[in-house]
Every structure is written in C-alpha cells, then in structure tokens.
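Enquirer: After the structure tokens below, expect a handful of questions from me.
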Amino acid sequence: MKIKLLVFCAALLLFGTTISAQIYERANLWQKEIDAFAEIDRRQTPPEKAILFVGSSSFRGWRTLRDDFPRVKIINRAFGGAHLEDVIFYAAQTIAPYQAQTIVVYAGDNDIAAGKSVERVFNDWQTLVALIRQSAPQSRIVFVSIKPSPSRREFWSKFQQMNALVKAQTVKDKRLIFVDIWNEMLTANGEPREELYLGDRLHMKPEGYAIWRAALAKYLK
C-alpha cells in the first residue's frame, strides 16, 4: 500500500505541472474538508476493494449514497465546489489511499460555469485519468455525465460538448465508463425537470438521485 501511495504521489508531482497557479490559492477553500476525511480514516480504517466517489457537491450531497447501494462498500470523498483540477490537487489524499476497484467521478460542471473552456476541462479530465492509472492501472473509472441543471442553462451546450468528449474517450478504453444521466433529467420536450432540484435549481432532491442510482446500479456490483 505504501509503495503504491508513493508511486501515486510521484505521479501527482509529474502531472502537477499542468495545474495552474490558481489551484494553490483555491486549495485553501477545502482544506478543512480534506482534513476531516483524514480524521475519518484515522478513527476507522477504510474498507478494502471499495467503490470510491470523488468530485463536487452533487456527490457530497448524496446523503443516501450508502443506503442506495447497500451491497457494496462505499467511500465518499467528494467536496463541495470542486473543479477537476481540485480533485487532481487533492488526489494523494482523496484517491490514492483507498486503492478502490472502481472510482466514480462527478466534476466539470463547476469548471465550465466558472468560465473555463471545454478544452481545458477535458484536458484536466485526461490528467486525472492518467494520474489514477499510475497507481491503479486496473481500476475502473466511471464518469457521470454533467447534468442539465436549470440554473446553468446558459452552459448546457458546453456541458454537452464535455460529455461527448468523455463518452468518445470511453470507446477506446474499456476501463473507462460513461454514465449518461442527461436525457433522464429532461422532459420529453427537452426542458429541465424542475421537480428534481432544490430551490437553488442546481443541487438535487432525492428524486434526482433516484435517477443517478438507477443509472449507476449495473456498474457498482
């Protein structure tokens, strides 16, 4: 385990050159959450061969995650507001220690809404995949498609571009899985299903997570 962690950290340094200087300023935003994860691990040894969830608040806010998948071991290390570059920055703390057999990612939504180009966000995604491959080459990586949040409708076309790029990448690598929840969260007329969202029209109610649970179920056995 320690050897693999060292390999992962070395890979993180290698890929760190692709992360902008801004990330070091952003890092302080979530240090308390990252420290809290370490405290959880200190108090209770994480399960082996678990399924690891990483990314932003759409995963962090999935309160029923473990109950929704009772037959598998779940570790949730998502933190609110995260961009893909933040996941990369904290990978040594939130991904490497667990040697998960499956890593499920939801991120990219905040990145694009913050003004980053689709190209940059996709490059960050590729960096994260390459980083994971350094220490866990056999792990499956599952990307949950960016959702069509009503409050971010102006970015929908870019969200779809990002989703399409990731989906095309999974065709070339069987260890990459794209889970598409986009259409299920729209009406037959292509309008957002407002009933799936909280008052901010960004984060989800249990009805939204029910769609995600059904979409992910076959991959989390």
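Enquirer: Which numbered condition trips up Pro97, out of (1) modelled with pLDDT under 95; (2) surrounded by fewer than 17 Cβ atoms within 10 Å (Cβ to Cβ); (3) more than 20 Å from Trp212 (Cβ to Cβ)?
Expert: If we test Pro97 against (1) modelled with pLDDT under 95; (2) surrounded by fewer than 17 Cβ atoms within 10 Å (Cβ to Cβ); (3) more than 20 Å from Trp212 (Cβ to Cβ), just (2) comes out false.
Enquirer: Considering each residue of the stretch 165-195, count those that are farther than 28 Å from Ala100 by Cβ and either in contact with a strand residue (DSSP E or B) (Cβ under 7 Å, 6 or more places away or on another chain) or crowded, with 16+ Cβ neighbours inside 10 Å (or both), and give that number.
Expert: Residues flagged as farther than 28 Å from Ala100 by Cβ and either in contact with a strand residue (DSSP E or B) (Cβ under 7 Å, 6 or more places away or on another chain) or crowded, with 16+ Cβ neighbours inside 10 Å (or both) within the stretch 165-195 amount to 3.
Table: residues versus (1) modelled with pLDDT under 95; (2) loosely packed, with under 15 Cβ neighbours inside 10 Å; (3) touching a Pro at 6+ places or on another chain (Cβ under 8 Å); (4) of a type in the set (Lys, Arg).
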site	(1), (2), (3), (4)
Leu14	yes, yes, no, no
Ser20	yes, yes, no, no
Tyr24	yes, yes, no, no
Phe37	no, no, no, no
Gln44	yes, yes, no, no
Ser56	no, no, no, no
Thr64	no, yes, yes, no
Lys73	no, no, yes, yes
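Enquirer: Filter the stretch 100-121 down to residues that are assigned to a loop (DSSP other than H, G, I, E, B) and touching a helix residue (DSSP H, G or I) at 6+ places or on another chain (Cβ under 7 Å) and give me whichever is surrounded by the fewest Cβ atoms within 10 Å (Cβ to Cβ).
Expert: Ala107
Enquirer: Follow-up question, since we're still on this one. Give the residues of the stretch 174-193 that are of a type in the set (A, V, I, L, M) and touching a helix residue (DSSP H, G or I) at 6+ places or on another chain (Cβ under 8 Å), sorted by residue number. Steps first, answer last, please.
Expert: Let us first name the residues in the stretch 174-193 that are of a type in the set (A, V, I, L, M), namely 176-177, 179, 181, 185-186, 188.
Matches in the stretch 174-193: Leu176, Ile177, Val179, Ile181, Met185.
Enquirer: Considering only the stretch 42-71, state which residues are assigned to a helix (DSSP H, G or I) and either closer than 20 Å to Ala107 by Cβ or in contact (Cβ under 8 Å) with a residue 12 or more places away in the chain (or both). First the steps, then the outcome.
Expert: First, pick out the residues of the stretch 42-71 that are assigned to a helix (DSSP H, G or I): 42-43, 57-60, 65-68.
Once the filter is applied, which keeps residues that are assigned to a helix (DSSP H, G or I) and either closer than 20 Å to Ala107 by Cβ or in contact (Cβ under 8 Å) with a residue 12 or more places away in the chain (or both), the stretch 42-71 yields Ser57, Ser58, Phe59, Arg60, Leu65, Asp68.
Enquirer: Would you confirm, using the coordinates I've provided, whether Ala113 is at pLDDT 95 or above and among the hydrophobic types (A, V, I, L, M, F, W, C)? Spell out how you get there, then give the answer.
Expert: Working: at pLDDT 95 or above: yes; among the hydrophobic types (A, V, I, L, M, F, W, C): yes.
Criteria met by Ala113.
Enquirer: For the stretch 195-207, give me the residue count where each residue is without any contact (Cβ under 8 Å) to a residue 24 or more places away in the chain and assigned to a helix (DSSP H, G or I). Walk me through how you get there before you give the answer.
Expert: Our first condition is that a residue be without any contact (Cβ under 8 Å) to a residue 24 or more places away in the chain; within the stretch 195-207, this holds for 195-196, 198-199, 205, 207.
Now narrow it down to the ones that are assigned to a helix (DSSP H, G or I): 195-196, 207.
Looking only at that region, the number is 3.
Enquirer: Sort through Arg120, Arg133 and tell me the only one that's out of contact with any strand residue (DSSP E or B) (no Cβ under 8 Å at 6 or more places or on another chain), more than 26 Å from Arg201 (Cα to Cα) and of a type in the set (Lys, Arg). I'd like the intermediate steps shown before the answer.
Expert: Numbers: Arg120 fails: more than 26 Å from Arg201 (Cα to Cα).
Only one candidate passes the filter, namely Arg133.
Enquirer: Could you please tell me which pairs satisfy a Cβ distance under 8 Å, a separation of 6+ or placement on different chains, a first residue in the stretch 130-159 that is modelled with pLDDT of 95 or more and buried (at least 23 other Cβ atoms within 10 Å of the Cβ), and a second residue that is in a loop (DSSP other than H, G, I, E, B) and small (Gly, Ala, Ser)?
Expert: Ile146/Gly108; Phe159/Gly108
Enquirer: Name the single residue, out of those in the stretch 174-194 being without any contact (Cβ under 8 Å) to a residue 24 or more places away in the chain and charged (D, E, K, R), that is nearest to Asp124 (Cα to Cα). Write out each step before concluding.
Expert: Residues of the stretch 174-194 without any contact (Cβ under 8 Å) to a residue 24 or more places away in the chain: 174, 183, 187-191, 193.
Now restrict to residues that are charged (D, E, K, R): 174, 191, 193.
Values: Lys174: 20, Glu191: 29, Arg193: 29 Å.
Among them, the one singled out is Lys174.
The values are calculated or read from the model by the stated rules, or taken from the named source; none is laboratory data. Since the structure is predicted, the reported quantities are computational estimates derived from the model, not experimental observations. Ideal geometry is used to build each Cβ from the backbone, glycine not excepted, and the neighbour counts take in all protein chains shown.
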